[in-house]
Structures are given as C-alpha cells and as structure tokens.
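Right, one structure below, let's go through it.
The values are calculated or read from the model by the stated rules, or taken from the named source; none is laboratory data. Computed from a predicted model, the values in this text were never measured in an experiment. Cβ: placed from backbone, ideal geometry, glycine included. Neighbour counts: every protein chain shown. Please note that ligands, DNA and RNA were not included when accessible areas were found on the heavy atoms of the full protein model with its side chains. Shrake-Rupley method; radii C 1.70, N 1.55, O 1.52, S 1.80 Å.
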Amino acid sequence: MLVRQSQKGSALIYILIAIALLAALTATFMDSSSGQRTTAQETFNIVTQLNSQLNFIRSAIQECVLTYPDGDTTMPADPVGNTAVYPVRPYPLQPNNNYQASSTPSSSLAKDIRCPGNPGNSNDHAKIFGSNTGKLFPPSPKFFGDWRYFNSKDGVSLFIGSDTSDAFIGTALQKLDAQFTPCEAQYIDAASAAVNVVSDQPGMICGLGVKCILIHLVTTPTTLYPGETSCP
C-alpha cells in the first residue's frame with residue numbers, strides 16, 4: 001500500500017513538472033510573438049508617419065514653385081547668400097541662407113523654409129509653414145531628428161535621421177526607400193563614418209552612428225547618391 005502511494009506521489013510530481021515546463025514554454029512563445037508584433041507595428045508606424053510628412057512637405061514646396069514660377073527676380077547672380085551655393089531656381093533657398101531679409105536660423109531645418117517670389121521682387125521671403133499659411137509643420141516621428149532641406153548645385157533634397165540603435169529603424173527606412181524609384185531616395189547607414197549628402201556643404205551630413213533617408217526633389221549632374229552605385 002505504501003509502495004502504491006509512493007508511486008502515485010512520484011507521478012504527481014512529474015505531472016506538475018510537465019505543467020510548469022509547458023507554462024514556461026507558452027509564456028516564452030507568447031513573449032516572442034508579442035515582441036515580433038510590437039516591432040512590426042513600430043516599423044509600420046514609422047514608415048506611415050515619414051511618408052505622410054514627406055508628402056506634406058514636398059507638396060508645400062511644389063505649391064510655392066507653381067504659385068511663383070519666376071521666384072525672386074531680384075536674386076543676384078550665382079552664388080547666392082552666405083553659403084555661396086548655386087541654388088536650383090525657383091525652389092526655396094536653404095533657410096540658413098542670409099540673402100533673405102528676415103533673420104536666418106543657424107541650421108537648414110525644413111520647418112523654416114521660405115517661399116521666393118512671396119512677396120514678389122523682394123528678398124523678404126514669407127515662411128511656408130506657420131499659422132499665417134495654415135500649414136503647420138508636424139513634429140518629427142518618435143526616434144527621429146528634424147527634417148532638413150537643402151538647395152544647392154547638387155539639387156534640392158530632404159533628409160531625416162535617427163541615432164536610435166533599435167533594428168526596426170533601419171528596417172523602416174529601407175521599406176520607405178523601396179517605395180521610391182532607384183536614385184530618387186537613398187537609405188544611409190552611417191555606422192562606421194559620417195556620410196556627406198551634399199558635395200559643397202560639409203555640414204549637411206548623415207552623422208556617425210545615424211541611419212538616414214535622403215529624398216531627392218530635384219537632381220543635377222553633381223548630385224550625390226550615397227549608397228547607390230548606378231546613379232543617375
């Protein structure tokens with residue numbers, strides 16, 4: 001009788017151990033599945049936000065160009081402003097170009113773009129984004145810095161980057177890059193060294209350790225194509 005009770009006790013222990021192992025395995029599987037879903041959702045959110053903001057910024061710039069096709073007719077011969085660049089006309093100058101009458105910021109953030117030709121025949125260019133125009137510039141997506149804009153001999157482009165190490169950042173930027181034709185956009189992973197995105201302006205870079213997406217609005221014969229080997 002004692003032997004049977006001992007055998008029953010041993011069997012119960014094995015059953016409890018099996019249940020515990022199964023519960024641990026199930027929890028591990030669910031955690032892994034949940035993590036994958038979270039990563040996929042983060043990637044989707046980043047691509048959606050960047051695409052939406054890019055289209056908004058690009059549309060506002062194009063509206064300026066179409067509304068004022070002659071641009072600023074008082075603009076002097078090349079080069080223009082303190083950055084000594086050869087801008088693509090009639091696209092907006094870089095915000096930090098001091099040819100413009102209004103005080104200029106220290107960096108070339110897209111939110112500070114001004115529209116040449118508005119008002120006409122004047123270097124007092126009006127800001128494209130703000131309460132006066134009803135085009136409020138959106139805050140950058142989570143994990144990312146500011147959208148930047150340049151207009152020089154290398155064309156007109158926008159770019160944005162993130163120094164976050166999470167793998168889904170690179171995945172998201174590569175997915176966004178894939179939505180454009182070759183040479184229209186470049187995914188840049190500056191893991192080992194900073195990457196210049198403009199040949200004549202060293203300050204316009206994808207910094208060391210940063211992952212960036214570069215979008216060309218207008219290209220010229222000197223345009224840089226970081227990460228691409230067969231452009232233009």
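Looking at the stretch 132-147, can you tell me whether even one residue there is of a type in the set (A, V, I, L, M, F, W, C), open to solvent by less than 50 Å² (accessible area, probe 1.4 Å), within 20 Å of Val197 (Cβ to Cβ) and not in a helix (DSSP H, G or I)? Yes: the stretch 132-147 contains one or more residues that are of a type in the set (A, V, I, L, M, F, W, C), open to solvent by less than 50 Å² (accessible area, probe 1.4 Å), within 20 Å of Val197 (Cβ to Cβ) and not in a helix (DSSP H, G or I).
I'd like the full set of residues that are surrounded by 21 or more Cβ atoms within 10 Å (Cβ to Cβ) and hydroxyl-bearing (Ser, Thr, Tyr), limited to the stretch 100-131. Matches in the stretch 100-131: Ser108 only. Quick check on the stretch 96-104. Is at least one of its residues among the aliphatic types (A, V, I, L, M), part of a loop (DSSP other than H, G, I, E, B) and more than 22 Å from the chain's Cα centre (by Cα)? Checked against the condition, which is being among the aliphatic types (A, V, I, L, M), part of a loop (DSSP other than H, G, I, E, B) and more than 22 Å from the chain's Cα centre (by Cα), the stretch 96-104 yields at least one hit. Report yes if some residue within the stretch 209-228 is among the hydrophobic types (A, V, I, L, M, F, W, C), farther than 17 Å from Ser152 by Cα and either surrounded by fewer than 16 Cβ atoms within 10 Å (Cβ to Cβ) or over 13 Å from the mean Cα position of the chain (by Cα) (or both); otherwise report no. Scanning the stretch 209-228, I find no residue that is among the hydrophobic types (A, V, I, L, M, F, W, C), farther than 17 Å from Ser152 by Cα and either surrounded by fewer than 16 Cβ atoms within 10 Å (Cβ to Cβ) or over 13 Å from the mean Cα position of the chain (by Cα) (or both), so the answer is no. Candidates in the stretch 162-194 are the residues that are closer than 11 Å to Ile213 by Cα and part of a strand (DSSP E or B); of these, the one that is most open to solvent (accessible area, probe 1.4 Å) is Asp189.
Of the conditions (1) of a type outside the set (Ser, Thr, Tyr); (2) more than 26 Å from Phe56 (Cβ to Cβ); (3) open to solvent by 70 Å² or more (accessible area, probe 1.4 Å); (4) in contact (Cβ under 8 Å) with a residue 60 or more places away in the chain, Asp200 fails just one. Which one is it? Just one mismatch for Asp200, condition (3). If the condition is being in contact with a Ser or Thr (Cβ under 9 Å, 6 or more places away or on another chain) and either modelled with pLDDT of 90 or more or under 12 Å from Phe150 (Cβ atoms) (or both), then the stretch 100-115 contributes Ser108, Asp112, Arg114, Cys115. Selection over the stretch 76-98 of residues that are open to solvent by 30 Å² or more (accessible area, probe 1.4 Å), at pLDDT below 90 and not polar (S, T, N, Q) gives a count of 7.
For the stretch 54-75, filtered to residues that are under 14 Å from Ala126 (Cα atoms) and part of a loop (DSSP other than H, G, I, E, B), the residue that is most open to solvent (accessible area, probe 1.4 Å) is Tyr68.
Close Cβ contacts (under 9 Å, 6 or more residues apart or on different chains) running from residues in the stretch 135-159 that are free of Cβ contacts under 8 Å to residues at least 12 places away in the same chain and over 13 Å from Pro92 (Cβ atoms) to residues that are part of a strand (DSSP E or B) and open to solvent by 10 Å² or more (accessible area, probe 1.4 Å) comprise Leu136/Gly130. Can you confirm whether the stretch 198-213 contains a residue that is more than 25 Å from Asp112 (Cβ to Cβ), in contact with a Leu (Cβ under 7 Å, 6 or more places away or on another chain) and not in a loop (DSSP other than H, G, I, E, B)? So far as the stretch 198-213 goes, no, none of its residues is more than 25 Å from Asp112 (Cβ to Cβ), in contact with a Leu (Cβ under 7 Å, 6 or more places away or on another chain) and not in a loop (DSSP other than H, G, I, E, B).
Of the residues making up the stretch 161-218, those that are aliphatic (A, V, I, L, M) and closer than 23 Å to Tyr86 by Cα are Ala185, Val195, Val197, Val198, Met204, Ile205, Leu214, Ile215, Leu217, Val218.
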